[in-house]
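Each remark here refers to the structure printed beneath this line.
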Amino acid sequence: MNHTAPLVRATNLSKRFKIYPKPNGRLIEWLTGGRVQRHADFWALRGLDMTLYRGECLGIVGANGSGKSTFLKILAGTLTPTSGSCSVDGKVMAILELGTGFNRELTGRQNIHLAAQLLGIGADYVNQKMPDIEAFAALGEFMDRPIKLYSSGMQARLAFSLFAFLEPDVLIVDEALAVGDISFQRKCYRHMEQMIGSGRQAVIFVTHDLHAVTKLCTRAIWLRNGHVELEGEPPEVVERYQRFMLNGEEGIATTASRRPAVSLDESGVPQSGRLARCEAAVLYPSGGAEVLGLWLELEDGTVTQMVRAGKPFRICYALRFVAPAMQPVFGTRVTTARGDVLIGINTKMTGVITPDYALGDVEIVRWPVMAGLAAGDYFISCGCSLYDDPLHFLAREVDAYRFAITGAAATGALCNLTGAPLLAGASCTA
Amino acid sequence: MPNTLYRYRSFIWQHALADLRHRYAGTGMGVIWNVVHPLSLIAVYSVIFGLIYGNMAIEGLPAHGGFAIYLCAGFFPWMAFSDSINRGATAFSGNAAYLKKLPVPEQVFVAQSVASASLTLVISFCLLTVISLALGLRPSIYWLLLPIPIILLQCIGFGIGLIVGTLNVFFTDIGQIVMIALNVLFWLTPIVYLPRQVPKALNPVLMANPATPAVEAIHNLFLWHRLPDLWTIPALAGWAVVTILCGYFLLNGLRGEIRDVL
């Protein structure tokens with residue numbers, strides 16, 4: 001229970017990769033003794049500071065390319081830092097890039113021995129731990145079958161069981177659980193909680209499942225461009241990160257004042273706080289109208305990028321017509337990341353008669369959302385089509401905007417109840 | 001470096017064994033192929049050089065199949081040597097999965113290539129011994145010395161493997177260059193021909209080839225039951241020290257970058 005000396009201490013850690021655009025660039029540099037430079041530097045880490053104590057679970061969040069993997073590889077000892085130092089007072093085991101470290105021809109059991117040899121762990125120790133590993137992995141007879149017959153989920157089971165039970169001082173779990181089935185994930189989380197609870201071990205948990213970070217981790221850091229952007233309590237770090245991911249730099253700025261004053265331009269579109277188009281967007285060429293912007297409004301008209309679960313809100317978007325249109329149909333759709341359509345609605349279906357529009361007209365459509373969406377990330381599509389031919393789009397943006405519902409536990413369910421469940425009370429007359 | 005290799009000895013050994021077992025994984029006869037391949041080579045050479053090329057007689061060797069024994073006695077060690085280097089060249093790139101995931105020292109994978117090539121050599125040389133005895137070659141106390149030139153040759157293979165393996169991470173053309181160089185070296189080693197058939201002018205070229213002293217020593221010990229020429233063993237030891245040191249310094253200098261590139 002020694003909380004005074006850090007288990008891991010990274011100080012001013014930087015890592016540079018040399019990028020050679022042409023394969024013989026390096027040869028030219030070598031032959032000229034470095035006088036001719038043919039590489040570009042890529043700094044994956046820039047001055048990262050971090051400490052980890054026993055009994056902690058550190059969550060690391062960050063976009064792709066923020067330096068997470070590089071940092072973990074330095075921790076695991078496979079990459080050497082360009083400058084700065086990283087000291088670990090114990091054994092680090094990393095479940096990185098699952099499965100690639102297994103020999104596909106060998107059985108699960110043989111691979112456990114092999115991995116132990118590679119990690120410099122004695123055979124006696126492994127034999128002693130083998131029953132625990134087997135029981136946890138619950139692979140049955142597959143334990144003695146070659147890895148090439150395993151599904152990716154089975155490989156995940158083997159990898160987690162192996163690393164978790166060889167009792168590392170630091171266990172690095174990097175998106176490794178995503179491929180396992182839910183009940184195994186649950187087991188893994190419980191095991192990690194035990195590891196942390198013992199106060200002897202520490203876990204570094206890297207995932208895009210932000211809810212898991214808030215639930216499991218005792219501390220979180222947000223990596224951005226190779227340095228720690230923010231460190232602190234998991235809910236706060238996750239929220240700031242989420243805000244940033246939804247709306248870029250603006251997201252960081254708006255954290256200062258949660259409710260930015262809404263300033264509207266002459267057509268009624270808010271100047272700031274609109275959702276940015278996300279990476280998943282599929283934008284179709286304009287057929288007579290263009291989307292000026294899409295935003296979420298609370299009931300009181302506040303523009304927001306996140307909505308607490310259970311709060312009614314409105315999806316709003318503004319369209320400008322670049323050609324005259326007669327009674328067009330407006331539509332919108334809300335889907336999950338997996339593509340389940342939760343809301344799919346248009347003005348024709350709801351019996352709203354739209355007017356004719358002339359060139360240059362701007363229309364703002366507001367869709368009140370009453371659905372009790374559960375916490376999670378959602379994607380909005382919006383568009384406008386001809387009245388007679390709903391497949392002839394004047395404007396169409398599919399999965400173009402992303403927003404988050406925050407709050408209560410993400411259970412994997414999509415909807416919430418409107419209130420607490422009711423019990424009639426026991427009526428037992430014994 | 002020696003202590004890291006010692007620490008990972010069981011991994012090296014197990015992996016080399018697994019190599020032997022799994023090279024023919026999925027085939028009907030499996031492990032047996034490890035024996036069939038050298039056997040077929042011995043058979044083919046016996047036929048070609050016994051029947052087609054006329055039975056070239058070599059003094060001190062059985063009249064029938066004598067040349068085939070001579071050829072295999074040089075060819076099998078050469079195979080192990082060139083296998084070590086060829087597989088050493090891809091030792092890092094081929095084991096990128098391990099190197100990227102675990103802090104295993106790089107040289108372990110070169111050592112594993114050498115160990116697995118050496119295991120194959122042990123099998124094929126044992127077969128050769130049995131067949132040679134059957135053909136009428138007398139056994140000899142000098143055979144007990146055979147491991148010395150063989151181990152030294154494999155040490156050179158390890159050193160060269162470290163060098164080409166490291167370079168191959170950065171310049172993938174190295175693999176191709178190595179194959180061509182090995183082919184040239186093969187014909188510059190007295191394996192298919194006898195040293196006395198070589199024109200005097202070519203002799204220094206042959207002697208500059210590290211495989212020549214090893215094959216010469218093996219021939220002397222195995223076929224003619226006499227101690228190898230005095231110069232061969234120090235020459236081999238010298239080559240081994242120089243190549244391993246070069247490989248060690250090269251690897252140490254570039255160690256930090258290898259895993260960045262893989």
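Please treat every number below as a calculation from the coordinates, not as lab data. Here the structure is a predicted model, which is why all the values come from computation and not from measurement. Cβ: placed from backbone, ideal geometry, glycine included. Neighbour counts: every protein chain shown.
Among B:Ile32, B:Ile12, A:Ile28, B:Ile85, sorting on how many other beta-carbon atoms sit within 10 Å of each Cβ, with the fewest leading, yields B:Ile32, A:Ile28, B:Ile12, B:Ile85. Straight-line reach from A:Lys187: taking Cα to Cα under 16 Å and skipping same-chain neighbours fewer than 8 places apart, the aspartates and glutamates in range are A:Asp132, A:Glu134, A:Glu175. Note: relative contact order over segment B:1-153, using C-alpha pairs below 8 Å and six or more positions apart, is 31 percent.
Cβ crowding within 10 Å ranks A:His113, B:His219 as A:His113, B:His219, fewest other Cβ atoms first.
With both residues required to sit in the protein assembly as shown, DSSP beta bridges show an antiparallel share near 75%. Using a cut-off of 19 Å between Cα atoms, the listed pairs A:Lys91/A:Lys129; A:Lys68/A:Lys129; A:Lys18/A:Lys73; A:Lys91/B:Lys101 include A:Lys68/A:Lys129 as exceeding that distance.
Relative to the dominant Cα principal axis of chain B, helix B:147-170 is inclined by about 40°. Between the Cα long axis of helix B:174-187 and the first principal axis of chain B there is an angle of about 20°, rounded to the nearest 10.
For chain A, modelled as a GNM whose springs connect Cα atoms under 10 angstrom apart, the maximal fluctuation among A:Ala400, A:Ala358, A:Ala94 occurs at A:Ala358. When chain A is treated as a Gaussian network with alpha carbon springs shorter than 10 Å, the biggest mean-square fluctuation among A:Val237, A:Val213, A:Val365 belongs to A:Val365. Listed by chain and number, the aspartates and glutamates whose alpha-carbon sits under 12 Å from that of A:Lys311, ignoring those within fewer than 8 places in the same chain, are A:Glu297, A:Glu299, A:Asp300.
The fewest-to-most ranking of B:Tyr6, A:Tyr20 by surrounding Cβ atoms within 10 Å reads B:Tyr6, A:Tyr20.
Note on chain A: with a GNM built from Cα contacts shorter than 10 Å, the maximum mean-square fluctuation among A:Ala404, A:Ala116, A:Ala135 falls on A:Ala135.
Under the simplified labelling scheme, the B:Ser140-A:Leu298 pair shows an inter-label distance of 9.6 nm, with each label point 7 Å from Cα along Cα→Cβ. Per residue, the protein assembly as shown reaches -13000 deg cm²/dmol at 222 nm when only DSSP H runs of four or more residues are counted, each adding -39500 (n - 2.57).
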